[in-house]
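Encoded as structure tokens, the structure appears first; notes follow it.
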Amino acid sequence: MSLRPDTGAITVKRWTGASIATIGLVLAAQVVLAFGPLFLSANLIDRLTTLFIYGILALMWNALAGYAGLVSIGQQAFFGLGAYAAIRLANAGISVYPALLLGAVLVAVVSLPISAFMLRLRAGEFAIGMWVVAELAHLLVNLDTLINGETGTSLIELQRYAAHDRRLYTYWAALATMVALGWLVYLMLRGRLGSAAQAIRDNEEAADSIGVRVLASKRLIFVLSAFGCAAAGALWVAAQITFQPKAYFSVQWSAYMIFMVLVGGIGTYEGPILGAILFFTVEALFGATGVAYLIGLGATAMLFALLLPRGIWGEVERRLGWRLLPIGYQLKIGAEDLPRHDSVMVTTQADAPAR
Amino acid sequence: MIWVNQIIQGILLGGYYALLACGLSFMFGVMGIINIAHGSLAVVAAYMLFVLADQFQVNPFIGLIAVVPIMALVGWVLHRLVLERSARAGELVPILSTFGLAIVLDNSMFTHFGADTRSLAPYIGTLDYDSWTLPGNLIIGKLPLITFAVAVLLLGGLHLLLRRTALGRRIRAATVDPDTAQLVGVNARAVYAAATAIAMVTVAIAGAFQAMRATFDPYIGGQLLIFAFEAVVIGGAGSLWGTLFGGIVLGVAQSIGAQIHPQGFLIAGHAVFLVILVARLYVTRDMRHFFRLFRRRAV
């Protein structure tokens, strides 16, 4: 597309050398990680599995809040249900690893009717409404005799695999899920849905008035996020083996997701990935301090919300003009780039869905 | 008879929920902000009263004389430091910042007071279990009745404040249109800070009654927020008397649920909330349509 074809002085571009190089590096890193078990220690494999699950959660929460403008404090509902579905399906005789995926699909199906009424709530009402959904899901799962109430149960079917195999399978499953969801979200955000979602986030009424299908776009992202969080929960139970409802349906998961996304950079694609790595590091360093660590997480999230709402990556983009994994377009006027701090980001209005 | 009793207990419990919810409803009505730290702040007030009672032998009702102004000040500071800045950054930022605040408060209380479950019941004499027995063996507890009365008084007081006082007029003006209010000499910033302070006064009182009628620990703030939020939404967000109605619906649902199944108390409360949410979205639309048809025919 071009804005003023007569002058030819204005060009719009998406790819830069740096972003092509980044895509290459990301692909290479993903291939290297896939062969990770050849050269990584068992301990490192376990830790990376955790990191991948955090990555999935951050990606999903960011898709919801950063792109559809839906801040949820109840994504632990899907996290817990994903783990529960995996246990139920494995108990019914389905092989464990397919059960993880099938469980997440079932949770996504369940999230569809939930979206029908939750998406009509606005801002804070949606946020706490989702928390109520999580509480109710927790209570209902507790009613299942298989779970033994708060005592919980285990994914015993995992015993069919030797400890070493289990570690590798879970690692690959987590890596594959993160990579697949990562690319899926990336491609979706670059397309029509991305423009629609960002328009909704910035101004719902205005988006509606220019023909964006607000509810349909929100619903798609909501269900995708439910699927991703459920997959993360299923992978978590595969990694931990034990399932205690209280731990899985804890609001702490929301705190983690919010921390990762806010610190990394809400509404940027790269931010949540950075946030997940930071959170993983912080947890490794300070997780043992328990309560003090949680106070630090809460305080950091609050300070970022108040003082640095774009997060670290948002600031990097603003100050340095980096676009490593571009989902928008860059507008250039004249032969030279605009001064960096002025450079206009035309966030894909060009792709706005036409009807 | 057991059902009548459950319903009466439910209504009284609903008074407590209305008390818990009125600050949340007030802030939402005035500023459009839902304060996620609402429940945690009630627990902070409860701990203040507990320390006064436990270490200085101060009766919780007397203790409120000190705790209420402190909480009002907390509200004012909360607005100046957190809410004002977040509200300017958009409607999503207050959720994030107050959620962060709730995590900080809960875990800070845990570091100071540990995981022990506390209660103010031992410090209020026999009021905790005093009751009247009505014909038909219906038992009305004194404390639940006082709680209900306080809820009605607070809601009535807030209503009068908004309708009859100069501050109320300023608050209403700033609610409708902060910029225009500013033009005619209303300092919207000060008005919002005052509204937050008033909300925290109700939070202090709610925290006191939570601690007297039951127990508390550092992590119940989230649960209290959810109950308050359910009462607000059931009653119609932002409407003060609706909040009383919402609290009663929630309380009755919970006490009937508890009678049906041991886990039924919480499940019934959440289920009623969701059912009313769905009903409001679908039924009211049809009802409106129906009334419109009716009106047209009448004309």
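The values are calculated or read from the model by the stated rules, or taken from the named source; none is laboratory data. Because the structure is a prediction, the values reported are computed rather than measured. Virtual Cβ from ideal backbone geometry, glycine too; neighbours counted across all protein chains shown.
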When every residue in the range A:144-177 that is within 23 Å of the chain's Cα centre (by Cα) and of a type in the set (Gly, Ala, Ser) is compared, the one farthest from A:Ala42 (Cα to Cα) is A:Ala176
I need every pair where a residue in the range B:231-249 that is more than 15 Å from B:Leu154 (Cα to Cα) and at pLDDT below 95 has its Cβ under 8 Å from the Cβ of a residue that is assigned to a helix (DSSP H, G or I) and among the acidic types (Asp, Glu), sequence separation at least 6 or different chains. B:Val233/A:Glu125; B:Ala237/A:Glu125; B:Gly246/B:Glu230
Extreme residue, farthest from the other protein chains (Cβ to nearest Cβ), among residues of the range A:101-134 that are assigned to a helix (DSSP H, G or I) and of a type outside the set (A, V, I, L, M, F, W, C): A:Gly103
Residue hits (the range B:108-125; of a type in the set (S, T, N, Q) and touching a Phe, Trp or Tyr at 6+ places or on another chain (Cβ under 9 Å)) are B:Thr117, B:Ser119
Looking at A:Ala305, A:Ala239, which is the one that is within 28 Å of A:Tyr84 (Cβ to Cβ) and touching a residue at least 12 places away in the same chain (Cβ under 8 Å)? A:Ala239
Among the residues of the range B:261-279 satisfying the criterion of being more than 15 Å from A:Gly129 (Cα to Cα) and of a type outside the set (A, V, I, L, M), which is surrounded by the fewest Cβ atoms within 10 Å (Cβ to Cβ)? B:Pro262
Against the definition (surrounded by fewer than 22 Cβ atoms within 10 Å (Cβ to Cβ), closer than 20 Å to B:Gly125 by Cβ, among the β-branched types (Val, Ile, Thr) and in contact with a helix residue (DSSP H, G or I) (Cβ under 9 Å, 6 or more places away or on another chain)), how does B:Val30 come out, yes or no? no
Going by the structure shown, is B:Ala206 more than 17 Å from the chain's Cα centre (by Cα), of a type outside the set (Ser, Thr, Tyr) and more than 23 Å from A:Phe126 (Cα to Cα)? no
Within the range B:64-85, restricting attention to residues that are within 19 Å of B:Ser40 (Cα to Cα) and not hydrophobic (A, V, I, L, M, F, W, C), which residue is farthest from the chain's Cα centre (by Cα)? B:Arg80
Kindly provide the set of residues from the range B:228-263 that are more than 10 Å from chain A (Cβ to nearest Cβ), under 16 Å from the mean Cα position of the chain (by Cα) and under 30 Å from B:Ala115 (Cα atoms), ordered by number. B:Ala231, B:Gly247, B:Leu250, B:Gly251
Considering the range A:226-254, residues that are within 12 Å of chain B (Cβ to nearest Cβ) and among the polar types (S, T, N, Q), and then whichever is nearest to A:Leu146 (Cα to Cα), we arrive at A:Ser250
Among the residues in the range B:147-168, are any under 21 Å from the mean Cα position of the chain (by Cα), more than 27 Å from B:Ile62 (Cα to Cα) and not aliphatic (A, V, I, L, M)? yes
Examine the range A:18-36 for a residue that is at pLDDT 85 or above and crowded, with 21+ Cβ neighbours inside 10 Å, and state whether such a residue exists. no
Mind checking whether some residue in the range A:187-207 is assigned to a helix (DSSP H, G or I), of a type in the set (Ser, Thr, Tyr) and modelled with pLDDT of 85 or more? no
Any chance you could count how many residues in the range B:170-189 are within 18 Å of B:Leu240 (Cα to Cα) and loosely packed, with under 15 Cβ neighbours inside 10 Å? 1
Going residue by residue through the range A:79-97, is there one that turns out to be within 12 Å of another protein chain (Cβ to nearest Cβ) and within 25 Å of the chain's Cα centre (by Cα)? no
Within the range A:73-100, which residues are assigned to a loop (DSSP other than H, G, I, E, B) and farther than 11 Å from A:Ala226 by Cα? A:Ile73, A:Ala92, A:Gly93, A:Ile94, A:Ser95
The correct count of residues that are of a type in the set (A, V, I, L, M, F, W, C), within 8 Å of chain A (Cβ to nearest Cβ) and in contact (Cβ under 8 Å) with a residue 24 or more places away in the chain in the range B:72-104 is 4
Which of the residues spanning the range B:107-145 are without any contact (Cβ under 8 Å) to a residue 24 or more places away in the chain, closer than 22 Å to B:Ile7 by Cα and of a type outside the set (Lys, Arg)? B:Tyr129, B:Asp130, B:Ser131, B:Trp132, B:Thr133, B:Leu134, B:Pro135
Single residue of B:Ala206, B:Ala258, B:Ala253 found to be at pLDDT 90 or above, farther than 26 Å from B:Ile65 by Cα, among the aliphatic types (A, V, I, L, M) and crowded, with 24+ Cβ neighbours inside 10 Å: B:Ala253
